Amino acid sequence: MVANSVALAWKAAGPRARALPSFRCAQRPSILRNHAVAPRHGAVRYASETTTTKAADTASATIEAAAETVKEAPKKAGRGARRIVLGTSLALTLLVGYVYGTDTRASAHRYGVVPLIRLLCPDAEDAHHLGVDTLKTLYQYGLHPRERGNPDGDGALTTEVFGYTLANPIGISGGLDKHAEVPDPLFEIGPAIVEVGGTTPLPQDGNPRPRVFRLPSQKAMINRYGLNSKGADHMAAILEQRVRDFAYAQGFGLHEQAVERVLNGDASVPPGSLVPGKLLAVQVAKNKATPDSDIEAVKRDYVYCVDRLAKYADILVVNVSSPNTPGLRDLQATAPLTAILKAVVGAAKGVDRATKPFVMVKVSPDEDADEQVSGICEAVWGSGVDGVIVGNTTNRRPEPLPQGFTLPQKEQTTLQETGGYSGPQLFDRTVALVARYRALLDETPVTPEQAGEAQAETARVVHAEPDAENVPPVNPPSVAAQFPRKVLFASGGITNGAQAQAALNAGASVAMMYTGVVYGGMGTVTRVKQEMREERQLKKD
């Protein structure tokens with residue numbers, strides 16, 4: 001009976017009561033209470049409790065996240081705005097820097113880059129190599145200096161040379177780009193003519209280093225490179241690849257006929273420069289090892305260069321005036337010079353191209369005696385070359401400028417170095433020599449041999465159609481008309497627009513620059529042309 005009563009009471013207590021501990025010992029503190037304890041058999045949690053707890057936790061987390069989001073929103077917006085402002089500022093800075101740095105009008109080229117290169121490269125030849133390599137790399141990535149806005153488009157400086165209409169009368173002399181590595185970047189800075197080389201038939205190292213020296217106070221240089229060259233075949237390969245790349249870019253293809261089409265005028269650009277209104281001159285010379293006394297061997301040297309390079313040139317320049325190759329200037333005597341020039345002209349006329357390159361001879365400013373100048377003019381007329389580049393470096397050491405200026409001790413020592421001197425001090429002599437050549441070449445009578453050729457041509461024209469009726473009378477061309485006026489380029493000491501204009505007034509068609517570009521930087525040609533425009537405008541006004 002009692003047992004039954006206890007059982008009924010136990011059932012009536014329900015699950016909650018049964019879940020409570022039955023012994024007091026179970027209420028004692030224990031270290032086990034700090035650890036998770038698996039629920040005992042029979043323990044029960046209601047689903048409603050679990051759901052309510054989770055919902056409350058989720059709601060609390062959501063509220064906290066929302067509050068945090070509200071707090072962070074202004075901060076994120078501020079950071080985003082700052083990023084946009086900084087990114088835009090950086091992009092604009094880079095754009096402005098690109099436009100400024102690649103414009104030849106930027107003064108940084110003259111007052112920043114040139115002093116920096118001189119600081120980085122105390123040796124002038126190292127500076128030369130650095131300049132060429134940098135210009136070559138910048139051109140590959142489109143970061144090179146260039147004229148903007150087509151300043152030659154006004155036609156104010158247009159000139160006629162060898163039947164071409166040139167954009168301007170400024171050129172860059174040979175020696176700056178000795179191996180034809182950067183003719184295109186040089187065209188981009190503004191000249192109408194770029195002369196590459198000189199190159200020799202076989203590679204040669206030139207003279208030992210050091211061989212280039214600066215005179216900063218005079219903006220002058222002394223060099224004794226000695227016609228260091230990688231050889232005519234190396235230059236020919238570079239120029240051929242240049243034409244090949246141009247042909248492909250113009251849509252002519254990659255085959256050999258594409259190159260021939262460009263060289264034969266299908267691209268409507270000069271085959272040398274590949275730029276409308278501009279010409280590429282290639283300077284050739286003999287190897288140092290070739291004996292000067294063996295004229296036949298000397299002729300073979302020049303002809304070898306012509307055979308490899310003529311098809312890629314608009315003008316061939318025969319260098320017989322470098323002061324750094326022993327005996328080379330002796331070839332400016334009338335007899336050997338005539339023989340050499342005749343050989344070059346003959347080879348140039350035989351080039352496999354629709355238009356033939358013109359031939360010029362580069363003469364020394366030191367051969368200025370009357371008999372020397374007249375002898376060179378006689379050789380020019382007798383050989384049939386098309387013109388003369390008057391001037392090269394000089395073996396003389398001119399007085400410092402301004403008059404009475406005393407050179408620093410270091411430069412006085414440098415002045416004793418062997419080599420060709422170039423700089424502004426050569427200008428007066430260059431202009432005077434141009435005027436003398438102009439007068440002599442304009443007055444030199446035609447040789448009997450040329451007169452005979454002219455008479456034969458006249459007879460051919462007059463009797464071309466002896467039996468034709470109603471043919472108007474033919475006026476026979478004069479002897480002078482069949483032998484065009486010789487073209488002169490002036491080279492030596494030209495550094496500004498007034499000097500360039502003076503050289504043109506003396507009888508030159510083009511004013512060439514070298515040392516002026518070295519000291520004036522990549523903006524020199526642009527500056528000189530602008531000064532010429534201003535001077536011509538003043539005369540008009």
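The values are calculated or read from the model by the stated rules, or taken from the named source; none is laboratory data. As the structure is a prediction and not an experimental result, all values here were calculated from the model. Cβ atoms come from the backbone with ideal geometry, glycine included; neighbour counts cover every protein chain shown. SASA here: full protein model, heavy atoms, side chains in, ligands and nucleic acids out. Shrake-Rupley method; radii C 1.70, N 1.55, O 1.52, S 1.80 Å.
Scanning segment 213-226 for residues that are out of contact with any Leu (no Cβ under 8 Å at 6 or more places or on another chain) and either among the hydroxyl-bearing types (Ser, Thr, Tyr) or open to solvent by less than 10 Å² (accessible area, probe 1.4 Å) (or both) yields a count of 3. Where helices (runs of 4 or more DSSP H) sit wholly within segment 315-421, those with at least 1 residues that are closer than 30 Å to Gln257 by Cβ and touching a Lys or Arg at 6+ places or on another chain (Cβ under 8 Å) occupy 334-349. The set of residues in segment 198-212 that are in contact with an Asp or Glu (Cβ under 8 Å, 6 or more places away or on another chain) and buried (at least 22 other Cβ atoms within 10 Å of the Cβ) comprises Thr200, Pro201. In this structure, is Pro270 out of contact with any helix residue (DSSP H, G or I) (no Cβ under 9 Å at 6 or more places or on another chain), open to solvent by less than 20 Å² (accessible area, probe 1.4 Å) and under 23 Å from Val306 (Cβ atoms)? For Pro270, the condition - out of contact with any helix residue (DSSP H, G or I) (no Cβ under 9 Å at 6 or more places or on another chain), open to solvent by less than 20 Å² (accessible area, probe 1.4 Å) and under 23 Å from Val306 (Cβ atoms) - is met. Apart from one condition, Glu296 fits all of (1) touching a residue at least 40 places away in the same chain (Cβ under 8 Å); (2) open to solvent by 20 Å² or more (accessible area, probe 1.4 Å); (3) not in a loop (DSSP other than H, G, I, E, B); the exception is (1).
Please find, within segment 333-344, the residue that is nearest to Thr199 (Cα to Cα) out of those that are open to solvent by 10 Å² or more (accessible area, probe 1.4 Å) and in contact with a helix residue (DSSP H, G or I) (Cβ under 6 Å, 6 or more places away or on another chain). Among residues in segment 333-344 that are open to solvent by 10 Å² or more (accessible area, probe 1.4 Å) and in contact with a helix residue (DSSP H, G or I) (Cβ under 6 Å, 6 or more places away or on another chain), the one nearest to Thr199 (Cα to Cα) is Ala343.
With respect to the stated conditions, Ala124 is open to solvent by less than 70 Å² (accessible area, probe 1.4 Å), hydrophobic (A, V, I, L, M, F, W, C) and touching a strand residue (DSSP E or B) at 6+ places or on another chain (Cβ under 6 Å). Exactly one residue out of Val113, Val99 is open to solvent by 40 Å² or more (accessible area, probe 1.4 Å) and over 30 Å from Pro208 (Cα atoms), and it is Val99.
Condition test on Ala156, is it modelled with pLDDT of 90 or more and crowded, with 17+ Cβ neighbours inside 10 Å? So Ala156 fails the test. Taking every residue in segment 221-242 that is part of a strand (DSSP E or B) and pairing it with any residue that is among the hydroxyl-bearing types (Ser, Thr, Tyr) and crowded, with 19+ Cβ neighbours inside 10 Å, at least 6 positions away or on another chain, the pairs with Cβ-Cβ distances below 6 Å are Met221/Ser422; Met221/Thr515; Ile222/Tyr421; Ser229/Thr199; Ser229/Thr200. Out of all the residues in segment 448-458, is one or more part of a loop (DSSP other than H, G, I, E, B), modelled with pLDDT under 95 and farther than 25 Å from Pro424 by Cβ? Checked against the condition, which is being part of a loop (DSSP other than H, G, I, E, B), modelled with pLDDT under 95 and farther than 25 Å from Pro424 by Cβ, segment 448-458 yields no hits at all. Checking each residue in segment 104-141 for being outside any helix (DSSP H, G or I), in contact (Cβ under 8 Å) with a residue 60 or more places away in the chain and farther than 23 Å from Tyr225 by Cβ picks out Thr104, Arg105, Ala106, Ser107.
For every residue, the table says whether it meets (1) within 21 Å of Arg353 (Cα to Cα); (2) out of contact with any Leu (no Cβ under 8 Å at 6 or more places or on another chain).
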| position | (1), (2) |
| --- | --- |
| Arg242 | yes, no |
| Gln250 | yes, yes |
| Asp294 | no, yes |
| Tyr304 | yes, yes |
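Among the conditions (1) open to solvent by less than 30 Å² (accessible area, probe 1.4 Å); (2) in contact with a strand residue (DSSP E or B) (Cβ under 9 Å, 6 or more places away or on another chain), the only one that Phe358 does not satisfy is (1).
As for segment 174-185, it holds at least one residue that is over 26 Å from Leu488 (Cβ atoms), touching a His at 6+ places or on another chain (Cβ under 8 Å) and open to solvent by less than 10 Å² (accessible area, probe 1.4 Å).
On the given criteria, is Ala249 surrounded by 20 or more Cβ atoms within 10 Å (Cβ to Cβ) and without any contact (Cβ under 8 Å) to a residue 40 or more places away in the chain? Considered against the rule, which asks whether it is surrounded by 20 or more Cβ atoms within 10 Å (Cβ to Cβ) and without any contact (Cβ under 8 Å) to a residue 40 or more places away in the chain, Ala249 comes out as no. Looking at this structure, is Val303 in a helix (DSSP H, G or I) and either open to solvent by less than 10 Å² (accessible area, probe 1.4 Å) or modelled with pLDDT of 95 or more (or both)? Yes, satisfied.
Residues that are assigned to a helix (DSSP H, G or I) and exposed (fewer than 12 other Cβ atoms within 10 Å of the Cβ) within segment 142-153 comprise just one, Gly153.
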